Structures are given as structure tokens and as C-alpha cells.
Amino acid sequence: MSREPLVIAVDLGGTRIRAALSNLEGHFLRRLEWSTEAERGRDAALERIVALIQEVRGDVPHGELLGVGVGTPGPLDPRAGLVLSAPNMPGWNDLPLRTILEQQIGLPVRLVNDANGAVLGEWLFGAGRGRQNLIYVTISTGIGGGVITDGHLLLGHCGLAGEVGHMTLQADGPRCNCGNYGCWEALASGTAIAREGAAAARDGRSPLLAELCQGQPEQVDARMVGQAARQGDPVAGQIVKQAARYCGVGLVNLLHLYSPEIILVGGGVSKMGDLLFQPMCRIARKQAMPAYRGVPIEPASLGEDMGLLGAVALFRLEE
Ligand SMILES: [Zn+2]
């Protein structure tokens, strides 16, 4: 009697590794979560990943497993199986992760970066089900995204397509982590909101923020700015409004570039709720060309399992 095929999904982050034994419908039979211990170096982290995969696999025979799907942060080349870099994971540069894992585990391994994994997860298991054209945007410490177009994940040369957070929205804007100026991420990410909030706390424009951070402006984060804005602080309100405006403009560009059926927005900063979401959607609807204005812009649906489901989704795609 042959049982249904299973996969092992791994969601790799700088602080935690999650893994699940799953069927192709995204139902988890077993799941585990360990700390990454990335600070102990690359080889130690790799050993933990392999050990966690073995643990979650248990006694399931090789023949019942299609393989291991791994979602990793940062840019990677999925065809070459190469992690180009991974934020908060020292030593993870040009790492042939697929080959390393395949040799140690003896199963086929597929890789996806976390933003592309998220859009795959939403497409096959979440709010994007049944669509052929869909964009996922995460607004968090950084801004990233993934694009499904005409029923395929958009990869581009070396798998680097869809870096939506690094589209330039203001040519002479603030410097971005990528080295460029005025990227969407440099203008509206959680990091950018915190930077503006810290400046307002430091120079006395926002007494409320100065109070919330207990006089330590470097402690200001996006959540604090959101809280101050909700309590009526005009400067904090202006910072959030400005970030929402750039997010709206970013979405207009995505509507025009990819003509999606739906845009899903996730990430910690998007959870600021209506404070950010409403002005962002209003600007996107107002500034897009008329034919694009009816496209729904909705919160992402999958929550913390998004990364694992994206890794499962890799085995639902044509190779
Ligand atoms: Zn950038």
C-alpha cells in the first residue's frame, strides 16, 4: 500500500529554524522549532539544520519523501542552489546550500528565498488561491516581495527578480542598505520609520516619542512611532502618513508593472493596521491608471506558517 507523498519544509531565519513534515496540501504531520545559533558560525548552523531535518523526519522512509524545501532569508539563486547572502547569518555568502544538504540528507532539496516562498504559500494555500497573477509585499525591517505572473513564479536571471523594496521612489532620498538612494525600503520600512521617529525624539519635535523611548532615541522602533501616532502625536502621525504614502506609490508601480489580480501585504509594519493600510490603499487607488484601480489590496493570510507553506509549495511546482 503506497501512502501519500510527504515533504519536509524548512523555514530558516537568523534567530529561529522551523521545520515541518507535511503533505502536499500543507497539512503538517509534525513540526519543530529550534534556535538557529547563527552566531556560532556557518558550519554549526548547518549542522543544526541537518539535525532538525532528521528529527522532524523521524522514521519516515526515504521512499515516502519527495524532498526537502528550504526557505532562506536574503537573495539566492534557486536554479544553482546557491545562497548569495543571508542577513543576520554570518558567513552565509555564496553558499552551495542545496548540494551541502543533499549530500548530508540524501533527498532532493529545493530552495526559495523567503519573499518568493511567501508568495508561493499565499498562491497555493492562502488568499491567492486560484489566481494566475498575484503579488506579495512584506513591509517589515526591510521591504521585499514576490511576483506570480501568468501562473509562474517570476525568477528572472539568477533568480533575482521581484526585489520590490529596492525600486527607487526618490532619486535623492536617504541611503539604502543596498547602497542606492531613495529605495522604497529606505523610505518606508520599519527601519526607516524608526529612523525618522528617533530623529523626532532627539530634536524635541515629538515629546511623546521622547517619553515612550525613555529619553533614549536609539530605542525608538516602528511600533513606538505607531503608538505615538495613535495617541495623537502630530509628528509621529506625519511619519506614518509619509511611509504610507511611499508604500502607496510603490504599489502603484507594481500594479502598472505586473497587472496583478490581487496584492497581498504582510510583514510586521503592515500590522500597524488602518493607520498605514488605509492611506496606502487610498494613494494606490488614486494614483494608479484607471484600469488598475479595482485590484484588491489585502492583508496576507498565512501568518507565521507562511515560510513553511512556501517551502511545501516548491514541490507543487513543475521542476
Ligand atoms: Zn535599496
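The values are calculated or read from the model by the stated rules, or taken from the named source; none is laboratory data. Every value quoted in this text rests on a predicted model; they were computed, and no experiment measured them. Please note: Cβ atoms are built from the backbone with ideal geometry, for glycine as well, and neighbour counts cover all protein chains shown. Heads up: the accessible areas ignore ligands, DNA and RNA and are worked out on the full protein's heavy atoms, side chains in. Shrake-Rupley method; radii C 1.70, N 1.55, O 1.52, S 1.80 Å.
Of the listed requirements (1) touching a residue at least 12 places away in the same chain (Cβ under 8 Å); (2) open to solvent by 60 Å² or more (accessible area, probe 1.4 Å), Met280 misses just one: (2). Among the residues of segment 197-213, is any out of contact with any helix residue (DSSP H, G or I) (no Cβ under 7 Å at 6 or more places or on another chain), modelled with pLDDT of 95 or more, more than 15 Å from the ligand (Cβ to nearest atom) and closer than 19 Å to Gly267 by Cα? Looking for residues that are out of contact with any helix residue (DSSP H, G or I) (no Cβ under 7 Å at 6 or more places or on another chain), modelled with pLDDT of 95 or more, more than 15 Å from the ligand (Cβ to nearest atom) and closer than 19 Å to Gly267 by Cα, one finds none in segment 197-213, hence no. Checking every residue in segment 184-194 against the condition of being away from the ligand (no atom under 15 Å from the Cβ) and at pLDDT 95 or above gives at least one match.
Out of segment 103-126, which residues are of a type in the set (Gly, Ala, Ser) and crowded, with 24+ Cβ neighbours inside 10 Å?
The answer is Ala115, Gly117, Ala118, Gly121, Gly126.
In the set Arg98, Arg131, Arg110, only one residue is of a type in the set (Lys, Arg) and free of Cβ contacts under 8 Å to residues at least 40 places away in the same chain; that residue is Arg98. Report yes if Ala313 is at pLDDT 95 or above and more than 19 Å from the chain's Cα centre (by Cα), otherwise no. Spelling it out, it is not the case that Ala313 is at pLDDT 95 or above and more than 19 Å from the chain's Cα centre (by Cα).
Contact map, segment 154-183: first residue within 8 Å of the ligand (Cβ to nearest atom), second residue open to solvent by 70 Å² or more (accessible area, probe 1.4 Å) and modelled with pLDDT under 95, Cβ cut-off under 8 Å, separation 6 or more or different chains; pairs are His166/Cys178. Scanning segment 60-90 for residues being in a loop (DSSP other than H, G, I, E, B), without any contact (Cβ under 8 Å) to a residue 60 or more places away in the chain and open to solvent by 40 Å² or more (accessible area, probe 1.4 Å) gives a total of 2.
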